[in-house]
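Here's the structure, in structure tokens; my notes come after.
None of the figures in this text is laboratory data; all of them are computed from the coordinates on show. Keep in mind it's a predicted model, so treat the numbers as computed, not measured. Because the Cβ atoms are built from the backbone with ideal geometry, glycine has one as well, and the counts that use them run over all protein chains shown.
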Amino acid sequence: MPTLQGVIELSTQGGAEAIVPMLIYVVALFAFIYIFLIHPQRKQQRERRRFLESLKKGDKVVTVGGICGQIISLDEDIVTLQVADGVELQVLRSGIHRRLEQDEAAKMRELWGKRRKR
């Protein structure tokens, strides 16, 4: 059975040599976490912020709730959408999911036209 004195001697013998591989492991772990977790998330947040700042009057957008509409006015945090003739909704700017492309907007108008005829 090892004594306390023996354990102390064993721990002091491999001092600097034992700590170098551990430091390399810790540095590699932090590098891995940064490269695969932190950096992509920051990049996604930066792109999202640029998208929200680039919104302008007349853009056709989809909210996170799936509501499609055209931006008729923008405030610091509030976006007013026209979703139908005479129907306006105010949503938070952060609630805008994406901008509709031209062909998507035309397809949405076509679908709504068919539903109104029923």
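The criterion of being loosely packed, with under 11 Cβ neighbours inside 10 Å and among the aliphatic types (A, V, I, L, M) holds for Met22. Of all residues in region 42-60, none satisfies being without any contact (Cβ under 8 Å) to a residue 40 or more places away in the chain, out of contact with any Phe, Trp or Tyr (no Cβ under 9 Å at 6 or more places or on another chain) and in a strand (DSSP E or B). When the residues of region 33-73 are narrowed to those that are surrounded by 10 or more Cβ atoms within 10 Å (Cβ to Cβ) and among the hydroxyl-bearing types (Ser, Thr, Tyr), which ends up nearest to His97 (Cα to Cα)? By that ranking, first place goes to Thr63. The set of residues from region 91-108 being surrounded by 12 or more Cβ atoms within 10 Å (Cβ to Cβ) and charged (D, E, K, R) comprises Arg93, Arg99, Glu104, Lys107.
Looking only at region 74-87, residues that are surrounded by 10 or more Cβ atoms within 10 Å (Cβ to Cβ) and small (Gly, Ala, Ser) come to 1 in all.
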